[in-house]
Amino acid sequence: MARTVRQADNYLSKVLKYIPSEIIMAFVAIEGVLRSSYRENSPLFQDILWYVTIALLIIAPLWLWRVMGVTSIKQLFLSTLALLVWLFAMGGPFRFLDWYKPALGSVALPIYTLLVPIVIGKTGR
């Protein structure tokens, strides 16, 4: 039986594994369905979007742990936090807050992306 040697993650691999892309995709899909059914500026739309965000923040670490096999508490935490940062950068329900400006998300996302490899260090765990 042939053995394979596992290479250490490079920078891009480390960053990508902390982005919960399936959960972000779920948010985008759900938001699209909600937009087709509700007026975006209606309080009901805004409330539902907040509930969806909270539900996905609860689901994200469970999904990563049970489905994706992530066992590192640090990775579960950072990936869930990454979801919040991505939703903030995309606007998500945050865009309905008086203080929110799209530029804030544009600043938060690259800063978070730069900080994750510093936090995880060379081992990637």
| Taking residue 85, is it surrounded by fewer than 14 Cβ atoms within 10 Å (Cβ to Cβ), part of a helix (DSSP H, G or I) and in contact (Cβ under 8 Å) with a residue 12 or more places away in the chain? | no
| query | Are there any helices (runs of 4 or more DSSP H) wholly within the stretch 10-76 with 3 or more residues that are under 25 Å from residue 119 (Cα atoms) and in contact with a Pro (Cβ under 8 Å, 6 or more places away or on another chain), and if so which? | reply | 11-16, 43-66
| task | Say whether the condition of being in contact with a helix residue (DSSP H, G or I) (Cβ under 8 Å, 6 or more places away or on another chain), surrounded by 14 or more Cβ atoms within 10 Å (Cβ to Cβ) and part of a loop (DSSP other than H, G, I, E, B) is met by at least one residue in the stretch 92-111. | result | yes
| remark: Flagged pairs (Cβ under 7 angstrom, 6 or more apart or on separate chains; first in the stretch 90-110, more than 21 Å from residue 56 (Cα to Cα); second in a helix (DSSP H, G or I) and at pLDDT 95 or above) are 106/89
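The values are calculated or read from the model by the stated rules, or taken from the named source; none is laboratory data. What you see is a predicted model, and the numbers here were worked out from it, not measured in a lab. Note that we place each Cβ from the backbone using ideal geometry, even for glycine, and neighbour counts take in every protein chain shown.
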